[in-house]
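Visitor: I'd like to ask some things about the structure below.
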Amino acid sequence: MFLAVAAKLGWPVYQFNVKSAFLNGELEEEVYVAQPERFIIEGEEDKVYRLRKALYGLKQAPHTWYSKINSYFRKNGFERSNSAPTLYVKQRVNSHFFLVGALYVDDMIYMGSYESIIKEFESCMMENFEMSNLGLLITFLA
C-alpha cells in the first residue's frame, strides 16, 4: 500500500538501513549470559555477564529495537497506524506537511510531501540512530 500511494502521488521513496538495529534496544528485564570463550576471566570462570542492551540472536532484540524506534517516533509527532504497526505518519493540520515512514526489520522506507521535510527527517534520524542513507528506493524486497 505504501508504494502504491507513492506511485499515485508521484512522490519519490527513500530508504535507510539501520546499522546494528538490534543492538540499539535497552533490555527491560534482566538477562545473563555465560562468559564468551575469548573473554573468560581467569579464576572467575563460573561468573556470568548481565546484559544492559540487546545482542543479535537474543530473542528480545527485535522487540527492544521496535520499542526504541516507536518511542522516538511518538515523541517526534508521528502517529502509528492501527492496522500496520510499523507504519508511521506525521502530518500538520491545515497544511500540506505530510511524512510517512515504514519499518521493515532493520530497514526503513519513507516519503514526504516536500523535499525540505525529507531532508530534515533524514538529519534527525541520522543524529539519533546509526544509519546508512541509501537514497532513492530502487528495489525493495518484502
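The values are calculated or read from the model by the stated rules, or taken from the named source; none is laboratory data. Computed from a predicted model, the values in this text were never measured in an experiment. Glycine gets a Cβ as well: all are built from the backbone with ideal geometry, and neighbour counts include every protein chain shown.
Visitor: Take LEU99 and decide whether it is within 19 Å of TRP11 (Cα to Cα) and either under 13 Å from the mean Cα position of the chain (by Cα) or touching a residue at least 60 places away in the same chain (Cβ under 8 Å) (or both).
Guide: On the way: within 19 Å of TRP11 (Cα to Cα): yes; either under 13 Å from the mean Cα position of the chain (by Cα) or touching a residue at least 60 places away in the same chain (Cβ under 8 Å) (or both): no.
For LEU99, the condition - within 19 Å of TRP11 (Cα to Cα) and either under 13 Å from the mean Cα position of the chain (by Cα) or touching a residue at least 60 places away in the same chain (Cβ under 8 Å) (or both) - is not met.
Visitor: Mind checking which residues of segment 115-125 are surrounded by 13 or more Cβ atoms within 10 Å (Cβ to Cβ) and either under 16 Å from LEU9 (Cα atoms) or without any contact (Cβ under 8 Å) to a residue 60 or more places away in the chain (or both)?
Guide: Listed by number, the residues that qualify are ILE117, ILE118, GLU120, PHE121.
Visitor: Continuing with the same structure: Picking from PHE16, PHE78, PHE2, which residue would you name as being within 19 Å of the chain's Cα centre (by Cα), surrounded by 11 or more Cβ atoms within 10 Å (Cβ to Cβ), among the aromatic types (Phe, Trp, Tyr) and at pLDDT 95 or above? I'd like the intermediate steps shown before the answer.
Guide: Numbers: PHE16 fails: at pLDDT 95 or above; PHE2 fails: at pLDDT 95 or above.
The match here is PHE78.
Visitor: Considering segment 97-117 alone, what residues qualify as being closer than 20 Å to LYS75 by Cβ and among the aliphatic types (A, V, I, L, M)? Reasoning before the result, please.
Guide: Pass one, segment 97-117, residues closer than 20 Å to LYS75 by Cβ: 97-103, 108, 110, 112, 117.
Once the filter is applied, which keeps residues that are closer than 20 Å to LYS75 by Cβ and among the aliphatic types (A, V, I, L, M), segment 97-117 yields LEU99, VAL100, ALA102, LEU103, MET108, ILE117.
Visitor: Then there is this: Is it fair to say GLU37 is over 27 Å from PHE2 (Cβ atoms) and at pLDDT 75 or above?
Guide: Details: over 27 Å from PHE2 (Cβ atoms): yes; at pLDDT 75 or above: yes.
Yes, satisfied.
Visitor: Is it the case, given these coordinates, that LEU87 is free of Cβ contacts under 8 Å to residues at least 24 places away in the same chain, closer than 26 Å to GLN15 by Cα and buried (at least 17 other Cβ atoms within 10 Å of the Cβ)?
Guide: No, not satisfied.
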